[in-house]
Amino acid sequence: SPQRLATESFLPAGRGEVLELGAGSGRATIGVLLARPQAMVTALDAYRGYFGIDDNTPERLMRNARTAGVDGRVRVEVADMRALPFEANRFDAAFSVAAIDHLPWGGIASALRETARVLRPGGQLLIVSLNSDAWVKAAMPWSIHGHGFWSSTQNRRRWEEALERAGFTLVETGTRPATVYF
């Protein structure tokens, strides 16, 4: 199923050039394109390693986009979010759903700096991750996903500081069952 937008505040004009960091099979890409029918998404992923998705390839993402009827508004780019192959000020918005938080802290800092570089002035960044709330602990007690980044005050402050160092201003945070976003 497509990933639902975590907040209606993301890309409220409903259009623009959007970059996804860590696109995987395209659930979040498709969710953004369905929620924002005039947007175009560049879905970026390194497409190496295994994160619980079999056949995690650009072709799979495009098959999923065709099935959803949004393939004309998405392009796939194979690259690392820590070294984005785009010129400065290219995108109106960027998002990462359960991807940037897989990086070590040094990699997160690099990815945030790169994202700030490719966003136009006033551009938005939406980060969504699995929240270790009661639902997740009951449904997936074996899960280590989320690495506790969101559950402690110390780690939330660490994210806020990393965003600030990269040039972002935090304007909204929130939770939905099993997820947290900012």
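Using a 1.4 Å probe on the protein heavy atoms only, what accessible surface does residue 92 show? Give it in Å² to the nearest 10.
Approximately 50 Å² of residue 92 is accessible to the 1.4 Å probe.
Once you order the gyration tensor axes a ≥ b ≥ c over the Cα atoms, which shape class does segment 88-128 get: rounded for a/c under 1.5, otherwise prolate or oblate by comparing a/b with b/c?
The shape class here is oblate.
What percentage of the solvent-accessible surface of segment 55-121, computed with a 1.4 Å probe over protein heavy atoms, is contributed by carbon and sulfur atoms?
Within segment 55-121, the accessible surface is 50 percent carbon and sulfur.
Do any trypsin sites (Lys or Arg not before Pro) in segment 1-97 lie in a loop, going by DSSP, with at most 16 other beta-carbon atoms within 10 Å of their beta carbon, and if so which?
4, 48, 90
How many Å² of accessible area per residue for segment 1-45, probe 1.4 Å?
I get 37 Å² per residue for this part.
Rounded if a/c is under 1.5, else prolate if a/b beats b/c, else oblate: with a ≥ b ≥ c from the C-alpha gyration tensor eigenvalues square-rooted, which is segment 9-86?
It is oblate, given that a/c is not under 1.5 and a/b is not larger than b/c.
Estimate the FRET efficiency between residue 160 and residue 59 by the formula 1/(1 + (r/R0)^6), using the beta-carbon distance for r and 30 Å for R0, to the nearest 0.05.
E between residue 160 and residue 59, to the nearest 0.05, is 0.20.
The values are calculated or read from the model by the stated rules, or taken from the named source; none is laboratory data. From a predicted model like this one, the values you see are computed outputs, not experimental measurements. With ideal geometry, Cβ positions are generated from the backbone for all residues, glycine too; neighbour counts draw on all protein chains shown. For accessibility, only protein heavy atoms count, side chains too; no ligands or nucleic acids. Shrake-Rupley method; radii C 1.70, N 1.55, O 1.52, S 1.80 Å.
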